[in-house]
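One structure is given below, encoded as C-alpha cells.
Just so it is clear, none of the values below were taken in a lab; they were calculated from the coordinates. It should be emphasised that the depicted structure is a prediction, and the values quoted were computed from it without experimental measurement.
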Amino acid sequence: MKRLALFLLIAFSFFACKKQDASAKNSSPDDVFYFKGVINGVSYSWSRPYRAGDDQSLINFGSTRVSMSSGGTFVTDCGNVYCGAVSEGADIYSKPVVNNSPSNVIYIEFVQATHGFNGTDNDFADVRASLEPGMKSFAFNRRSIDAPVRDGIFISYADAESHGWDSSIEWGSQDGSSFESLELIDASPDKPYLKTWKARFSCKLFQPNGCVPGVPTAIIEISGELYLPVFERHPQ
C-alpha cells in the first residue's frame, strides 16, 4: 500500500511538472521597455518590464479619442461641426505615482485630427500607420475647440517636481529638432499589446504658460531613445 501511494505521488508530481513546463513554453518572456537619454542636461536610463495586471509595471499604453462639438463654429482643421482628435501612444515612469502626482514620466503619442468617431479601431488606422519607421513631424496639440490640430508626434514630460512640459508647436518652434521612428514590430500573441515601438529623438520641451500661445514659461531640451508597447490588443 505504501509503495502504491509513493507511486501515485511520484506520478502526480511528474504530470504537474510537465503541465508547468508546457505553460511556461506557451508564455513568452517579459518585454523590457526603456528610455535612455538626456533631459535638461541630466542623463537618465529607465528600464521597465511590462507585466499584465502589475500596477508597478510603470508602463501604460492605449488609444485616446477627444470629441469636440463646435456648436456651429467651423474650425480650421475639420470643416465640420463635429470633429476631434485621436491619438495612439504610451508612457514610461521612473517610479510609481505618489498621491496622483506623477514625476519623471515621459508620454509619447501620435495625434491626428479626424471628422468623427465610429467607436472602432478603424478610427486609429491612419494613426497607427503613422508610427511606421521614418522621420516624423511634431504635432500642434488641440487644447480648445478653436485650436487647430497638426498631425504629428506629441511628447509630454513631468519632471521631478511634477511640472508639466510638452513639445507642441503651439508654444514654440521645433526647427532643428528631429523624431525618427526606428522600428514597429509585432508583439508576441500572448501580450496585451499588438506592437513594440522604438524611436530616437531630439527636441525642445516647453512649459506652457496657459495664456499666450507661442510664449512658453520656460524651455528645456530632451534627446534619447525609447522602446515602448503600442496598440492595445482587444479580446477576440
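Backbone amide hydrogens, once placed in the peptide plane, bring PHE138 within less than 5 Å of ILE153, excluding anything fewer than 5 places away on its chain.
Between the amide H of ASP31 and those of TYR50, distances stay under 5 Å, these residues lying 5 or more places away or on another chain, with hydrogens modeled in the peptide plane.
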